[in-house]
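Shown next, in structure tokens, is the structure this report addresses.
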Amino acid sequence: MVPDELWERFQRVVPEAPSRPQGGGRRRHDDREVLAAIVFVATSGCTWQQLPKSSFGPSGATAHRRFTEWTKARVWAKLHRLVLNELGSRGDLDWSRCAIDSVNMRALKGELTGPNPVDRGKYGSKIHLITERNGLPLSVGISGANVHDSQALIPLVKGIPPIRSRRGPRRRKPGILHADKGYDYSHLRRWLSQRGIRHRIARKGVETSQRLGRHRWTIERTMAWLAGCRRLHRRYERKAGHFLAFTSRARTLICYRRLTK
């Protein structure tokens, strides 16, 4: 569940365990055991109560409590940025063409949910994603299912962290940004042009849908990779931060697999 290389990187971003000046109490479960339990919950899609304690050691309540602590400390975002910096230092990030898209899933209740207009008004959430040319996720965000895709473009582009490059300064702007007709708005084109980002946004009523996937197929593949995290098939977390944490964990593993190749 947790290879040695991934654990070594995780130790660089996880906060230190709180000390007990008075002593006593139960032994704190090892962070690696808890991390393996969290990865199992995210991958299998089981609930915290269904976590097999005999296989991992910590109970579901302990794993969930530690997951909450690490989420508040932004451990998952820091780990993803650490892996991206290593990929950028090796020159494995291709900024020439990036793509933006979103995917819907049902949600029972909680923050950042809304009636899905393409699913008979059932409540759901939406994952917004920007990937580089090879499909590695750079920025991710969540919203209610009734939020239009165009409203997520500016926050996602601003949310790309400054990533190391093989040569020169850190980079955070794509060369060309590809998008479908859902982002066909003049104010978005102007905003991208003002920041020196070339855009290839399909125009409504002008371009056919036959060649829209010529450069955008990589982000569709990334969406399929995210589906490997069964916890993202349907949203069970009421807190938006917890659901975003599972999304960050999934994109970190996608980048980590490319790093170990």
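The values are calculated or read from the model by the stated rules, or taken from the named source; none is laboratory data. Source: prediction; values computed, not measured. Heads up, the Cβs are rebuilt from the backbone with ideal geometry, glycines too, and the neighbour counts pull from every protein chain shown. Areas reflect the complete protein model, heavy atoms only, side chains present, ligands, DNA and RNA absent. Shrake-Rupley method; radii C 1.70, N 1.55, O 1.52, S 1.80 Å.
Taking the listed residues 179, 152, 145, 202, the one that is more than 30 Å from residue 240 (Cα to Cα) and open to solvent by less than 60 Å² (accessible area, probe 1.4 Å) is 202, with no other qualifying.
Looking only at segment 23-64, residues that are without any contact (Cβ under 8 Å) to a residue 24 or more places away in the chain and among the hydroxyl-bearing types (Ser, Thr, Tyr) come to 3 in all. Scanning segment 99-136 for residues that are closer than 21 Å to residue 173 by Cα and in contact with a His (Cβ under 7 Å, 6 or more places away or on another chain) turns up 99, 102. With respect to (1) assigned to a helix (DSSP H, G or I); (2) modelled with pLDDT of 90 or more; (3) over 18 Å from residue 128 (Cβ atoms); (4) of a type outside the set (D, E, K, R), the lone exception for residue 191 is condition (3).
From the list 57, 45, 114, the lone residue that is in contact with a Gly (Cβ under 9 Å, 6 or more places away or on another chain) and open to solvent by less than 40 Å² (accessible area, probe 1.4 Å) is 114.
Flag: residue 251 matches the condition of being open to solvent by 20 Å² or more (accessible area, probe 1.4 Å), in contact (Cβ under 8 Å) with a residue 40 or more places away in the chain and basic (Lys, Arg). Residues in segment 71-85 that are more than 14 Å from residue 251 (Cα to Cα) and charged (D, E, K, R) were compared, and the one that is least open to solvent (accessible area, probe 1.4 Å) is 74. Note on segment 161-170: among residues that are surrounded by fewer than 16 Cβ atoms within 10 Å (Cβ to Cβ) and of a type in the set (D, E, K, R), the one that is nearest to residue 131 (Cα to Cα) is 170. Return yes when residue 242 is in contact with a His (Cβ under 7 Å, 6 or more places away or on another chain), in contact (Cβ under 8 Å) with a residue 40 or more places away in the chain and either within 18 Å of residue 94 (Cβ to Cβ) or of a type outside the set (S, T, N, Q) (or both) and no when it is not. Answer is no for this residue. For segment 86-111, a residue qualifies if it is open to solvent by 40 Å² or more (accessible area, probe 1.4 Å) and among the hydrophobic types (A, V, I, L, M, F, W, C), and the qualifying residues are 103, 108.
When the test is whether a residue is part of a helix (DSSP H, G or I), open to solvent by less than 70 Å² (accessible area, probe 1.4 Å) and among the charged types (D, E, K, R), residue 221 does not pass it.
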